[in-house]
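The values are calculated or read from the model by the stated rules, or taken from the named source; none is laboratory data. This is a predicted model, so every value here is computed, not measured. When we count neighbours, we look across all protein chains shown, and the Cβ atoms used for this are built from the backbone with ideal geometry, even at glycine.
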Amino acid sequence: MRRADPAAPARAGDEPSIDEPTPDAVRGQLERLRTHAFAGSGKLFSFLRFVVEEALAGRGGTLKELVIGIELYGGVVDYDPRIDSTVRVEARRLRRKLDAYYGGQGARDPVIISMPTGSYAPCFRMRVDAEPAPQTPAEPVVRAPVLAVLPFTALCSEERAFAAGLTDELIHAAEGSVRFRAVPRAIMFQFRETRYSLDAVAAEAGADLVLHGTVRRAQEVRRIAVELSNRWGQILWSDRIDVAGDDDLAAQERVAAEILTRLPVAVAEAS
C-alpha cells in the first residue's frame, strides 16, 4: 500500500475507505475543528491553520521547523531551532489533539486532517464508507478573504523600525482573526525593497485584499495613514490614526488592533 504524500491530499485508491477532499471541504473541517477540538487553544489552532493553508496553496513541501518557527513564534528575535523546541513541542501537542478528536467526537467526520510523525505537512483524507452521521442542515462554508499586509513605508528614516514592527503586528493580528486569512510574513516582506503595483501584489500573494500605509512623525505624534485595496488595486477604504508616547511596542499593538477592528466594517460597506 502506497503511503500518501503528506504535502498533498491523499489520492483515491491509496486506501479503500479514503477519497480526496476538496479545498472547501478541508476548510470546512478546519472550521469544525476550531469550534469543537481547539476551543480555548487559539495558538495551537493558528499552527494548524497555517500548515493547512500552506499545504492547500501547494507549499506543503516547504513546511520545515525553521519556516514555522519564524512565521508563528519568531517575534522580535528570529526563531532558532537549535535552542528553541517550541515548534516540535507544539507539533506533538497538535498531533495528540487531532488523534483525540478523531478517536472520539470526530470519529464520523467525513474529512480527516492529520499530521504524520516526522513531518509538518498535513494530510487530508475523506472517509467514504463510514456510517453516515445523522443528517443536519449543512451550514454554508464562508470563505474568509485572503489579506496581504504590505510592509508599511516610513516617510522619515527614524521611523523605519516602527513601520516594520507595525507591519509585523498587523500580520500577527490578521493571523489570529477568523475574518481573514493572512498571507505569511515571509512572503510579504519580499516586497519591502521593491517597486510594485497593488494589483500585482495581490496576484503574486494570491490575496483578495491588500492593506498598505505610511508612518510619519511630527514632534511627539506619529500619524499612520492606511489604505485597503481589492485585488484590482481599487481603494476600498482609507483612514489615519494618530498615536503619541514613547512605548513603540504598545503603540504598534494598539494601532494594529484598531485597524483590524475597522477592516470588517470597511469590507462589508464596500461589498
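Say whether the condition of being under 29 Å from Gln252 (Cα atoms), at pLDDT below 75 and charged (D, E, K, R) is met by at least one residue in region 71-78. Yes.
Residues are listed down the side, and each one gets a yes or a no for (1) part of a helix (DSSP H, G or I); (2) over 22 Å from Gly40 (Cβ atoms); (3) not assigned by TED's automatic domain parsing to the domain that holds Lys64:
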residue	(1), (2), (3)
Arg82	no, yes, no
Glu90	yes, no, no
Gly106	no, no, no
Ala121	no, yes, no
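Here is a yes/no grid of residues against (1) more than 25 Å from the chain's Cα centre (by Cα); (2) among the basic types (Lys, Arg); (3) more than 21 Å from Glu175 (Cα to Cα):
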{"site": "Glu193", "(1), (2), (3)": "no, no, yes"}
{"site": "Tyr196", "(1), (2), (3)": "no, no, yes"}
{"site": "Asp199", "(1), (2), (3)": "no, no, yes"}
{"site": "Asp208", "(1), (2), (3)": "no, no, no"}
{"site": "Arg217", "(1), (2), (3)": "yes, yes, yes"}
{"site": "Val221", "(1), (2), (3)": "yes, no, yes"}
{"site": "Asn230", "(1), (2), (3)": "no, no, no"}
{"site": "Leu249", "(1), (2), (3)": "no, no, no"}
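When the strands (runs of 3 or more DSSP E) confined to region 157-265 are screened for residues that are without any contact (Cβ under 8 Å) to a residue 40 or more places away in the chain and surrounded by 15 or more Cβ atoms within 10 Å (Cβ to Cβ), those reaching at least 3 such residues are found at 221-230, 235-244.
Kindly evaluate Asp24 against the criterion of being out of contact with any helix residue (DSSP H, G or I) (no Cβ under 6 Å at 6 or more places or on another chain), among the charged types (D, E, K, R) and either at pLDDT 90 or above or surrounded by 17 or more Cβ atoms within 10 Å (Cβ to Cβ) (or both). Considered against the rule, which asks whether it is out of contact with any helix residue (DSSP H, G or I) (no Cβ under 6 Å at 6 or more places or on another chain), among the charged types (D, E, K, R) and either at pLDDT 90 or above or surrounded by 17 or more Cβ atoms within 10 Å (Cβ to Cβ) (or both), Asp24 comes out as yes.
What is the residue count in region 147-156 for residues that are within 20 Å of Leu209 (Cα to Cα) and either surrounded by fewer than 20 Cβ atoms within 10 Å (Cβ to Cβ) or acidic (Asp, Glu) (or both)? First the steps, then the outcome.
So in region 147-156, the residues within 20 Å of Leu209 (Cα to Cα) come out as 147-153.
Filter once more, keeping what is either surrounded by fewer than 20 Cβ atoms within 10 Å (Cβ to Cβ) or acidic (Asp, Glu) (or both): 153.
Here the count works out to 1.
Cβ-Cβ distances below 7 Å connect the following pairs, each with a first residue in region 45-66 that is in contact (Cβ under 8 Å) with a residue 40 or more places away in the chain and at negative phi, a second residue that is part of a helix (DSSP H, G or I) and among the acidic types (Asp, Glu), and a separation of six or more residues or different chains: Ser46/Glu175; Phe47/Glu90; Phe50/Glu71; Gly60/Glu54; Leu63/Glu54.
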